[in-house]
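What follows is a single structure, written as structure tokens, with notes after it.
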Amino acid sequence: MSDDMTEKTADNATTAVAEKAPENAAIIAGSALPEAELTRMTDDIIAGLKTVFDPEIPADIYELGLIYKIDIGDDRAVLVDMSLTSPNCPAAQELPIMVENAVSSVPGVKETKVTVVWDPPWDPSRMSDEARLVLNMW
């Protein structure tokens, strides 16, 4: 992991960033939350995200690289930046709601806000090896 894959927010929130692929997610220290709690929440949020699948693709949205950023605030509010494989994605209305529900179900999460972003545009290079294997994209 390199330092350029992390981002610190103004409110001292902890950020997990999936810059190129999910295995590059990083956590920033400096949160008011205890490190063990922050690690647990991050792991549980990622596990929750791995239960969300695009209805047309047999891989979860985390492994597809659709999750760009996860911010866990000191107040336990979670902000998620995600993208879609295409602006014309038929699941564009339902996937952000599914993400919000998955993150909100994690113990300790106060509230969840999901934002769909288009910059940078998603491309297959963001997928993990696991997603590539499932989709036979080698």
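The values are calculated or read from the model by the stated rules, or taken from the named source; none is laboratory data. Computed from a predicted model, the values in this text were never measured in an experiment. Neighbour counts are summed over all protein chains in view; Cβ atoms, including those assigned to glycine, are modelled from backbone coordinates with ideal geometry.
Miscellaneous remarks
- The range 70-86, residues that are part of a loop (DSSP other than H, G, I, E, B) and within 25 Å of Ala36 (Cβ to Cβ): Gly73, Asp74, Asp75, Arg76, Ala77
- The single condition among (1) part of a loop (DSSP other than H, G, I, E, B); (2) at pLDDT below 95; (3) hydrophobic (A, V, I, L, M, F, W, C) that Ala16 does not satisfy is (1).
- Considering only residues in the range 88-128 that are touching a helix residue (DSSP H, G or I) at 6+ places or on another chain (Cβ under 7 Å) and among the hydrophobic types (A, V, I, L, M, F, W, C), the one that is nearest to Asp44 (Cα to Cα) turns out to be Val106.
- Long-range neighbours under 7 Å by Cβ, at least six apart or interchain, first residue part of a helix (DSSP H, G or I) within the range 87-100, second among the charged types (D, E, K, R): Leu95/Asp54
- Residue check for Ala92: surrounded by fewer than 18 Cβ atoms within 10 Å (Cβ to Cβ), out of contact with any Cys (no Cβ under 7 Å at 6 or more places or on another chain) and of a type outside the set (Ser, Thr, Tyr): yes
- Members of the range 80-106 found to be over 11 Å from the mean Cα position of the chain (by Cα) and among the hydroxyl-bearing types (Ser, Thr, Tyr), listed by number: Thr85, Ser86, Ser104, Ser105
- Residue in the range 104-114 that is in contact with a strand residue (DSSP E or B) (Cβ under 6 Å, 6 or more places away or on another chain), at negative phi, assigned to a loop (DSSP other than H, G, I, E, B) and of a type in the set (A, V, I, L, M, F, W, C) present: yes
- If only residues of the range 115-138 that are under 11 Å from Leu66 (Cβ atoms), of a type in the set (A, V, I, L, M) and not in a loop (DSSP other than H, G, I, E, B) are counted, the one that is modelled with the highest pLDDT is Val116.
- Residue selection: Gly65 satisfies the criterion of being touching an Asp or Glu at 6+ places or on another chain (Cβ under 9 Å) and at positive phi.
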